[in-house]
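As structure tokens, the structure follows; a few thoughts come after it.
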Amino acid sequence: MKNEMPQLPYPANGLEPVISAETLEFHFGKHLQTYVTNLANLTKDTAYAQKDIEEIVKAAPDGGVFNNAGQVLNHVLYFLQFTTPGRGGMPDEKLDGLIRRDFGSLDNLKQKMEEAAITLFGSGWAWLSLDAEGKLQITQEGNAGNPLRRHCKPLLCIDVWEHAYYIDYRNRRADYVKRLWDIVDWQVVSNRL
Ligand code: MN
């Protein structure tokens, strides 16, 4: 992935009522744009400028380059995993098999992911990823954290920085987290496997 703004597969109001057009305007249009701009400025005329975002996230030391690259990657994965409410379908056969094996059921996976997102202290992300042994795992990552940093493949994420939900849900993080399932596009998540 290059350091640029992605094309969204839905219109600005396409995720309503789960995520409003106003939240999208700020979260996608301003927050993500700022991370893209900051990363471009920080990596200009350095060896990082030629690298893919994933490579920077894996290799950069803690600090500004990693923080901005992590947030670019996290937000692109976040925004591209959604679709219009009710259109998200179900995990494909392969992902469904892994979910049953590692969590028992999709409902159980959702509950564990909600817990991770709701109990994360401060700013960060809840992640579903595939570890090096091929097992699904749910983790909490602070700030710009991404499972790639631990050699795991990122599949699905929940942004719990306050900017992700404060316009629509104010302080009710749990309400935001539980509503997100209505817009998760399981085909996109399955394809990331
Ligand atoms: Mn965010």
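Quick look at the values:
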| item | result |
| --- | --- |
| Global form of segment 102-147, assessed from the alpha-carbon gyration tensor, a/c cut-off 1.5 | oblate |
| Nearest-0.05 FRET efficiency for E162 and A49, computed from C-beta distance (R0 25 Å) | 0.20 |
| Relative contact order of the chain, pairs being alpha-carbon contacts under 8 Å that are 6 or more residues apart, as % | 26 |
| Segment A59-R192, length gained on full extension (0.36 nm per residue, minus Cα span) | 45.8 nm |
| Counted charge near N13, where neighbours are those whose Cβ lies closer than 11 Å (Asp, Glu -1; Lys, Arg +1) | -3 |
| Segment 21-80 shape via C-alpha gyration tensor axes, a/c threshold 1.5 | prolate |
| Solvent-accessible heavy-atom area per residue, rounded to whole Å², over segment 63-174 at 1.4 Å | 44 |
| Accessible-area composition of segment 1-142, carbon plus sulfur, in percent [1.4 Å probe] | 50 |
| Value of D in µm² per second that Stokes-Einstein yields for the chain, Kirkwood Rh from Cα pairs, at 20 °C (1.002 mPa s) | 126 |
| Cα-derived Rg to Rh of segment 149-193, Kirkwood definition | 1.06 |
| Top of P17, P85, P61 by mean-square fluctuation, Gaussian network on the chain, Cα under 10 Å | P61 |
| Highest-fluctuation residue, G86, G63, G97 considered, GNM on the chain with Cα pairs under 10 Å | G63 |
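The values are calculated or read from the model by the stated rules, or taken from the named source; none is laboratory data. Quantities reported herein were computed from a predicted structural model and do not represent experimental measurements. Cβ atoms come from the backbone with ideal geometry, glycine included; neighbour counts cover every protein chain shown. The area values use the complete protein model at the heavy-atom level, side chains included, leaving out ligands, DNA and RNA. Shrake-Rupley method; radii C 1.70, N 1.55, O 1.52, S 1.80 Å.
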